[in-house]
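J.: Take this structure, written in structure tokens, and hold onto it; I'll ask about it next.
The values are calculated or read from the model by the stated rules, or taken from the named source; none is laboratory data. Please read all numbers here as calculations on a predicted model, not as lab measurements. Here the Cβ is made from the backbone with ideal geometry for all residues, glycine too, and neighbour counts use every protein chain on show.
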Amino acid sequence: MKFPNDADGDALRSLYKDGVDFKKPQSVDFFVAVPDQVTGKKLSQVLKEEGFNCFVEEDDETEEWACCCSKRMQLNYNELIKIQTKLDNLSKPHGGYSDGWGVLVD
């Protein structure tokens, strides 16, 4: 399977090498960096209205806040890019930005 040569392509390549089944939907976690907890909670409501399951958390080490959103989907490069762009656009008015994604591998 071929993937683009960028961070998202590298992540997909790694998942593929780890044996993740790309034909089955996976729970993908998307991270949106936010300035603080209050902003995160406001943005979380916006993202929930867009169909994301979200919660807000603070990183223990960096003390930075993030809105963590999950979506069950097939791993597809173009779809991942589209969702990150959407999250970026929805979060910008709140001072946030899309900050990557991940999949928990068994």
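J.: How many residues does region 4-25 hold that are of a type in the set (Val, Ile, Thr) and in a helix (DSSP H, G or I)?
T.: Going through region 4-25 one residue at a time, the tally reaches 0.
J.: Do you know which of the residues in region 78-99 that are touching a Phe, Trp or Tyr at 6+ places or on another chain (Cβ under 9 Å) and assigned to a helix (DSSP H, G or I) is surrounded by the fewest Cβ atoms within 10 Å (Cβ to Cβ)?
T.: By that ranking, first place goes to Asp88.
J.: Test Val28 against the criterion of being part of a strand (DSSP E or B) and within 17 Å of Asp106 (Cβ to Cβ), and give yes or no.
T.: For Val28, the condition - part of a strand (DSSP E or B) and within 17 Å of Asp106 (Cβ to Cβ) - is met.
J.: Taking Val32, is it of a type in the set (Val, Ile, Thr), under 13 Å from the mean Cα position of the chain (by Cα) and either closer than 17 Å to Gly95 by Cα or modelled with pLDDT under 95 (or both)?
T.: It is true that Val32 is of a type in the set (Val, Ile, Thr), under 13 Å from the mean Cα position of the chain (by Cα) and either closer than 17 Å to Gly95 by Cα or modelled with pLDDT under 95 (or both).
J.: Answer with yes or no whether Phe3 is exposed (fewer than 15 other Cβ atoms within 10 Å of the Cβ), of a type in the set (Phe, Trp, Tyr) and farther than 17 Å from Thr85 by Cα.
T.: Considered against the rule, which asks whether it is exposed (fewer than 15 other Cβ atoms within 10 Å of the Cβ), of a type in the set (Phe, Trp, Tyr) and farther than 17 Å from Thr85 by Cα, Phe3 comes out as no.
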